[in-house]
Every structure is written in structure tokens, then in C-alpha cells.
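The values are calculated or read from the model by the stated rules, or taken from the named source; none is laboratory data. Bear in mind the structure is a predicted one, so any value in this text is a computation, not a measurement. Note: ideal-geometry Cβ built from the backbone for every residue, glycine included; neighbour counts use all protein chains shown. Ligands, DNA and RNA are excluded from the accessible area calculation, which covers all protein heavy atoms including side chains. Shrake-Rupley method; radii C 1.70, N 1.55, O 1.52, S 1.80 Å.
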Amino acid sequence: NMPKSAGEAIGLAFQIQDDILDVTATTEALGKTQGRDQDLNKSTFPLLMGLKESQQFANQLVIRAQKALDQVSGDTIMLQTLARQVVERTY
């Protein structure tokens, strides 16, 4: 199921990026043990979809969020930026 709002899309993209970083980032960068999700046998997006597919899906969600924000009257630049930052973050 695809998110119905910009907020849902941003939230899901954030979670996907969190799962990706657990696989790709160092323990030092994360501030927690790298690979901890796998050690705890958690179902993560990279495990279920694959790493590349997870990254693509997160980027699609950002585009969806930004398009939804384009429909909102008023200044949404901060939210547009936030949407992009959730998938560009490295920690």
C-alpha cells in the first residue's frame, strides 16, 4: 500500500533509510551497533526488497511526498527539503 499523504510518505521513507543505514553505515556513524536489525532478526526493507530496491522505493516516496506538497497552498519549501533529507541522511 502506498502512503496517502506527504507525511506518511516522508515517514515511510525515513524508516526505509533507517533500515538501509543499519546495513550500510558504520557503527561510529550510526551511534549504535551496525547490523543490529539483522542480529535481532527484524524484518527490514533491505531484507525483504533488496538494498537497491529499497533505495529506489525511498526515493519514489520522496517524489510522491514532494508532489503532494506541491498541491498545498503556502510555503512548503522546508517540508520539501525535509523530504529529501530523510533519504540523504547518513546517520
Which condition number in (1) open to solvent by 20 Å² or more (accessible area, probe 1.4 Å); (2) at pLDDT 95 or above is the one that residue 68 fails? (2)
Checking 60, 34, 55, 38 in turn, the sole residue that is modelled with pLDDT of 95 or more and closer than 21 Å to residue 91 by Cβ turns out to be 55
Quick one: which helices (runs of 4 or more DSSP H) lie wholly within region 4-55 and hold at least 2 residues that are closer than 18 Å to residue 86 by Cβ and open to solvent by 60 Å² or more (accessible area, probe 1.4 Å)? 6-24
Residue check: is residue 29 modelled with pLDDT of 95 or more, on the phi < 0 side of the Ramachandran plot and not polar (S, T, N, Q)? no
